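Remarks on the structure that follows.
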Amino acid sequence: MEYRRFGRTELQMPVFSCGGMRYQYKWQDLPMREVPRENQQNLEATIWRSLELGINHIETARGYGSSEMQLGQILPTLPREEIIVQTKVSPEADSGEFRRKFERSLSYLKLDYVDLLGLHGINTPELLHDSIRPGGCLDVARQLQKEGKVRFIGFSTHAPTDVILQTIETNQFDYVNLHWYYIYQNNWQAIEAATRLDMGVFIISPSNKGGMLYEPPRRLIELCHPLSPLVFNNLFCLSHSQVHTLSIGAAKPQDFDEHLQALDLLDRADEILPPIIERLEQAAIARLGETWYKTWHLGLPTPQETPGGLNIPIILWLRNLAIAYDMVDYAKMRYNLLGQASHWFPGARADQVDRNALRACLVNSPHADKIPDLLKETHQLLADQPMQRLSQQ
């Protein structure tokens, strides 16, 4: 296993982390006696495999249902100084409720402290305010730190880049969990800001939200050859020293195996990656056109600026992936979350597109004339039954 200094925390972080949102039994709290024995055995086998590989960062959240409680059956049996445990608690307008949720997390984990506490989902200016206002959730986290229940404080986010930057620039957090991978590089500016402030950088879900790379389409497999798409994406992320760790949401012990192939290639990333990236870019240009590929994102409005709350940037991004790389299943999964996932994945689908209503908000786009038709086309291509986030199921 490779390790990287996790910013100002000085923790030696494995470049892969064991994420805790796929091996648990339920997305809701329930008595431990209701967890099937085979499910708990699988979870514990996954943790043992993780540690055997040197992946000693175990990450979970209060919002991951029975994950914390099930981890509490194994974590106390492990040498505490040899593991790095992170949990996350969503910010609340009532900071007392934030503290109560954290205490529940610690009780379920059966630990005296966690190494990393993340404020989970600072996705909007309002949630940032609830976090950093005097007497808010960050003040509570600082008090927990003084009590020895938390070592370091960070935040996780699915926010637009400007909100992430605002949060980072407070310089009140030791690390950040955020989305950034080959198909979604928008947050690089945030990673640079975090690096400047010596924060740890944890990449959320690079294999799932990063493209469902465990079930890649044939075209993507061919374009990433001789690597698998999953290994390519890992290598792409880890070739940037500013990135410290990638979350592996393992559902079973074997889920680590393919990821490990990237480790032996890290020293050769500068040689291996450029031809694959060039092939991916040229394939996208061939299907989308060079002008669109290079300029589609310019001047697009946010959902808040768009009639009907359409998330035009995300809709067009998903269309690009579906057409350029045949990533239709991934694009459908993400598209049909729109309108269902609140601030975790904001904005609406393009069920109804009114060209006249969109005219004003598209005035800064070089593609204003054709975007309404592309939105309709994307809806026809990707629309299915609206989906819920896993935690809502």
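The values are calculated or read from the model by the stated rules, or taken from the named source; none is laboratory data. The shown structure was predicted, so the numbers you read here are calculated from the model rather than taken from an experiment. Neighbour counts run over all protein chains shown; Cβ positions are idealised from the backbone, glycine included. Calculation scope for accessible area: heavy atoms of the full protein, side chains included, ligands and nucleic acids excluded. Shrake-Rupley method; radii C 1.70, N 1.55, O 1.52, S 1.80 Å.
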Answer yes or no as to whether Asp115 is surrounded by fewer than 22 Cβ atoms within 10 Å (Cβ to Cβ) and touching a Cys at 6+ places or on another chain (Cβ under 7 Å).
no
In the stretch 67-109, which residue that is among the polar types (S, T, N, Q) and touching a helix residue (DSSP H, G or I) at 6+ places or on another chain (Cβ under 8 Å) is farthest from Glu52 (Cα to Cα)?
Ser95
Any residue that is exposed (fewer than 15 other Cβ atoms within 10 Å of the Cβ), under 25 Å from the mean Cα position of the chain (by Cα) and under 29 Å from Pro125 (Cα atoms) - is there at least one of those in the stretch 367-386?
yes
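Residue-wise test of (1) more than 20 Å from Gly54 (Cβ to Cβ); (2) part of a helix (DSSP H, G or I); (3) aliphatic (A, V, I, L, M).
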residue	(1), (2), (3)
Gln242	yes, no, no
Gln254	no, yes, no
Glu258	no, yes, no
Ile277	yes, yes, yes
Ile285	yes, yes, yes
What's the total number of residues in the stretch 199-225 that are within 13 Å of Ser156 (Cβ to Cβ) and not aliphatic (A, V, I, L, M)?
4
Residue, most open to solvent (accessible area, probe 1.4 Å), within the stretch 289-315, restricted to residues that are free of Cβ contacts under 8 Å to residues at least 40 places away in the same chain and within 30 Å of His343 (Cβ to Cβ):
Gln304
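Residue-wise test of (1) closer than 28 Å to Arg4 by Cβ; (2) open to solvent by less than 40 Å² (accessible area, probe 1.4 Å); (3) without any contact (Cβ under 8 Å) to a residue 24 or more places away in the chain; (4) not in a helix (DSSP H, G or I).
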residue	(1), (2), (3), (4)
Ile58	yes, yes, no, yes
Gln73	no, no, no, yes
Thr87	yes, yes, no, yes
Arg100	no, no, yes, no
Ser105	yes, yes, no, no
Asn123	yes, yes, no, yes
Leu127	no, yes, no, no
Asp139	no, no, no, no
Arg142	yes, no, yes, no
Please give the number of the condition Tyr330 fails out of (1) open to solvent by 10 Å² or more (accessible area, probe 1.4 Å); (2) farther than 19 Å from Val15 by Cβ; (3) part of a helix (DSSP H, G or I).
(1)
I'm trying to understand the selection: among the residues of the stretch 1-10, which are open to solvent by 20 Å² or more (accessible area, probe 1.4 Å) and in contact with a Phe, Trp or Tyr (Cβ under 9 Å, 6 or more places away or on another chain)?
Met1, Glu2, Arg8
Among residues of the stretch 14-38, those that are in contact (Cβ under 8 Å) with a residue 24 or more places away in the chain and more than 23 Å from the chain's Cα centre (by Cα), counted
3
Any chance you could count how many residues in the stretch 164-184 are over 29 Å from Val231 (Cβ atoms) and crowded, with 20+ Cβ neighbours inside 10 Å?
4
Residue match in the stretch 227-246 (condition: of a type outside the set (Phe, Trp, Tyr), more than 30 Å from Leu117 (Cβ to Cβ) and surrounded by fewer than 18 Cβ atoms within 10 Å (Cβ to Cβ))
no
